[in-house]
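Working notes, structure below.
The values are calculated or read from the model by the stated rules, or taken from the named source; none is laboratory data. From a predicted model like this one, the values you see are computed outputs, not experimental measurements. Counting neighbours? That spans all protein chains shown, and the Cβs are built from the backbone with ideal geometry, glycine included. Please note that ligands, DNA and RNA were not included when accessible areas were found on the heavy atoms of the full protein model with its side chains. Shrake-Rupley method; radii C 1.70, N 1.55, O 1.52, S 1.80 Å.
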Amino acid sequence: MPELVLVLLCVGLVAGLALVVGGVYGVDQRQRVAFRSKMRRRAHVSGLRWRGPLAFSVGAFIWLVSGWPIAGVAATVFVSFLPWLFSAGTIAKQRIERLEGLETWLRRLGDVVAAGSTGLVGAIQSSTRDTPPVLARELTTLAHRLRTWDVQDALLKFADDIDDQIGDTAVAGLCVAYRQGSGVAGLLRALAHQVAEDIVARRTAESERARRRSTARLLLGIWAAMFLGVALFGSSMYTSAYATPVGQAALAVLLGSVGASAVWLRRLGLEPLASRFLSTQDRRRS
């Protein structure tokens with residue numbers, strides 16, 4: 001019975017630490033990649049299905065071998081959130097790929113308009129036949145909206161779908177090009193060139209963040225290996241102190257601090273999104 005109470009206290013403590021971290025750092029919806037295909041969604045759901053049982057199995061094993069309930073709970077939480085902790089590099093890569101798709105689309109759009117066979121709206125609608133895969137859904141949706149929506153409203157909604165400051169810059173240029181009527185091809189190529197320069201800057205910054213993430217993963221791996229070594233194979237002379245309720249409470253504080261540090265390091269390894277200036281939600285509030 002005392003062990004059950006201790007386990008419940010441990011779970012409550014870990015949950016409390018998670019809520020504190022979430023409250024301090026916030027949950028930014030824009031940190032998520034806006035586009036996710038159906039196959040990627042299925043893979044995500046499949047990952048959740050196997051990750052849960054695996055996390056509980058690892059936690060039960062650590063608890064059984066070490067005799068530390070807190071260690072079991074911490075292992076369960078760690079395995080559950082492991083993909084999220086190491087997802088910063090993937091998120092950054094997907095953001096850059098989306099911007100590269102935008103740059104490619106703008107260049108193609110400029111070439112179509114320069115050929116003189118159609119205007120900007122017609123070029124956008126016809127561009128869905130050969131769109132970059134990373135923006136296929138957004139561009140197809142834009143083409144459908146242009147048939148029934150006001151052109152500027154459809155473009156602004158497209159900026160929301162891109163959800164990036166660079167995308168706002170490109171859409172602002174598209175709005176100017178639509179109103180201007182002349183010199184559209186040159187403006188589209190200039191926009192594509194500007195987006196390409198921004199991509200180069202982001203890649204340079206991302207290479208530095210990638211080195212930081214590698215260092216953080218290495219340190220976290222070394223610490224985890226040392227902790228597991230002590231918990232599973234350590235001498236009772238060193239581990240007996242953690243078998244008491246006070247020792248478990250101290251261990252909970254220690255592991256909670258490590259978890260908070262891991263979340264902080266993940267945020268340092270992910271580029272903060274610059275504030276947008278074409279958000280339709282902001283315009284509605286104003």
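How many angstrom separate the Cα center of the range 214-286 from the Cα center of the range 94-109?
Spelled out, the Cα-based centre of one part sits 35 Å from the other.
Under unit Cβ charges (Lys, Arg +1; Asp, Glu -1), what dipole magnitude, rounded to 20 debye, does the range 169-238 have relative to its Cα centre?
Details: 9 positive and 4 negative charges, 5 e Å.
Rounded to the nearest 20 debye, it is 20 debye.
Ranked highest first by the average count of other Cβ atoms within 10 Å around their residues, in what order do 130-140, 244-254 fall?
130-140, 244-254
Around Ala185, what is the net charge, scoring Lys/Arg as +1 and Asp/Glu as -1 over all other residues with Cβ under 13 Å from its Cβ?
+2
What does the charge count near Arg213 come to, summing +1 for each Lys or Arg and -1 for each Asp or Glu among other residues with Cβ under 14 Å from its Cβ? Please report the intermediate quantities before stating the final value.
On the way: positive: Lys93, Arg209, Arg211, Arg212, Arg217, Arg266, Arg267; negative: Glu206, Glu208, Glu271.
Here the count lands on +4.
With just the Cα atoms of the range 78-142, tell me how far they stretch along each of the three principal axes, in Å, largest first.
57, 18, 13
Heavy atoms only, probe 1.4 angstrom, no DNA, RNA or ligands counted: give me Glu271, Glu208, Glu197 ranked by accessible area, highest first.
Numbers: Glu271 50, Glu208 75, Glu197 100 Å².
If we order Glu271, Glu208, Glu197 from most to least accessible, we get Glu197, Glu208, Glu271.
Could you go through the range 254-264 in sequence order and give the Karplus-derived ³J(HN,Hα) for each residue, using 6.51 cos²θ - 1.76 cosθ + 1.60 with θ = phi - 60°, rounded to whole Hz, and x for Gly and Pro?
Once rounded to whole Hz, the list reads 5, 5, x, 5, 5, x, 4, 5, 5, 5, 4.
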